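Heads up, the thing below is written out as structure tokens.
The values are calculated or read from the model by the stated rules, or taken from the named source; none is laboratory data. In this text, all values refer to a predicted model and were calculated from it rather than measured experimentally. Note: ideal-geometry Cβ built from the backbone for every residue, glycine included; neighbour counts use all protein chains shown. Ligands, DNA and RNA are excluded from the accessible area calculation, which covers all protein heavy atoms including side chains. Shrake-Rupley method; radii C 1.70, N 1.55, O 1.52, S 1.80 Å.
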Amino acid sequence: MPGLQKALPQPQRITIDDDWFEVQKVNDGLYAISEPRHYEHTVLNLLIGEQHAVLIDTGCGIGNLRRVVELLTSHPVTVINTHTHLDHLGSNNQFSNIMMFDHPRSRSISRDGVPRETLFWELMNDKVVTPPWPRGFERESAALRPFAVSQWLKHSDVLEIGGRQLMVLHTPGEAPDHICLLDQTHRVLFCGDILLNGAVWSHLDGGDVGALRASYELLMRHYDEFDFLMPSHNAPCLSKDILPIALAGAEDVLAGKVQPEEGMDPWERHYRKYDFGRISILTK
Ligand SMILES: [Zn+2]
């Protein structure tokens, strides 16, 4: 079991010339690029290694993400998406080297893109993203078009990119195609949407608290292999002790030991919210 926790990095905001994204430097070679006008602050991660960089997720598809990445690194960039929710792959089209977990959802979204009605209902509306829009962006013409995937990932693949080893961990529960990436070289867990300060949205189609619990158990088996977490929303860095809290929470939900609060998300989908302090779990 875990020893002493290392101090959590204190990301420093750095000034870049952009009117949509904010950038924080976590440490040498690790940046958080966020979209503060998404209502749950989307956070993308840029990992700059030797001769090569990795971009985890591409956000909402608003603004020129590629330009921001190129302000931070001149290395070629490989995109890896954590899952197919639309606020995680919006700018995939701006990049030519993309890796995704091999799942029917990622296969279909990369082949067909997303219908305009779905994109506007889920993402491009006032509940989710707010102006001022960046120069050159017109919301009315926003689209999520098909994109090419250069490599399909499988559970427990270990990618060697830019001098780091990234292990692919299939972690469904919030989305069936969700992965976490364990940077075994730098001891960081990129945990997507399943560990964050806030709510884990298991009440959506494809969400499943039993699968979420199994995903937390899987991550616990790697607990000694990372020092901190990098989630995809809200605060850019989290201490890893949120993982056992989330696991105990998911177990309590499944055992019927906690009382939920009933509520509605901004799309008026009913949920039951189980609150465990820093993190909560939503179910149908
Ligand atoms: Zn998300």
Tally of residues being more than 18 Å from residue 58 (Cα to Cα) and open to solvent by 70 Å² or more (accessible area, probe 1.4 Å) across the range 139-165 | 5
Given the conditions (1) among the aliphatic types (A, V, I, L, M); (2) within 16 Å of the ligand (Cβ to nearest atom); (3) within 19 Å of residue 166 (Cβ to Cβ), report the number of the one that residue 243 does not fulfil.
-> (2)
Search result, residues across the range 80-103 that are within 14 Å of residue 190 (Cβ to Cβ), within 16 Å of the ligand (Cβ to nearest atom) and over 12 Å from the mean Cα position of the chain (by Cα) | 101
Whichever residue in the range 246-277 is modelled with pLDDT of 95 or more and of a type in the set (Asp, Glu) and, among such residues, is nearest to the ligand (Cβ to nearest atom) = 275
Subset of the range 166-177 [buried (at least 20 other Cβ atoms within 10 Å of the Cβ) and closer than 16 Å to residue 110 by Cβ] | 175, 177
Residues in the range 19-29: is at least one closer than 30 Å to residue 104 by Cβ and open to solvent by less than 10 Å² (accessible area, probe 1.4 Å)?
-> no
Somewhere in the range 192-201, is a residue open to solvent by less than 20 Å² (accessible area, probe 1.4 Å), in contact with a Ser or Thr (Cβ under 9 Å, 6 or more places away or on another chain) and under 19 Å from residue 54 (Cβ atoms)?
-> yes
Any idea how many residues of the range 46-76 are open to solvent by less than 30 Å² (accessible area, probe 1.4 Å) and more than 13 Å from the ligand (Cβ to nearest atom)?
-> 13
May I ask you to list the residues in the range 30-43 that are outside any strand (DSSP E or B) and open to solvent by less than 60 Å² (accessible area, probe 1.4 Å)?
-> 36, 37, 40
Options 111, 135; residue that is modelled with pLDDT under 95 and more than 16 Å from the ligand (Cβ to nearest atom) = 135
What number of residues within the range 218-253 satisfy the criterion of being in a helix (DSSP H, G or I) and under 17 Å from residue 276 (Cα atoms)?
-> 12
Condition set acidic (Asp, Glu) and away from the ligand (no atom under 12 Å from the Cβ), scope the range 167-206, selection farthest from residue 89 (Cα to Cα): answer is 183
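Considering only residues that are within 16 Å of the ligand (Cβ to nearest atom) and open to solvent by 20 Å² or more (accessible area, probe 1.4 Å), look in the range 207-235 and name the one that is nearest to residue 187 (Cα to Cα).
If we take residues in the range 207-235 being within 16 Å of the ligand (Cβ to nearest atom) and open to solvent by 20 Å² or more (accessible area, probe 1.4 Å), then 235 is nearest to residue 187 (Cα to Cα).
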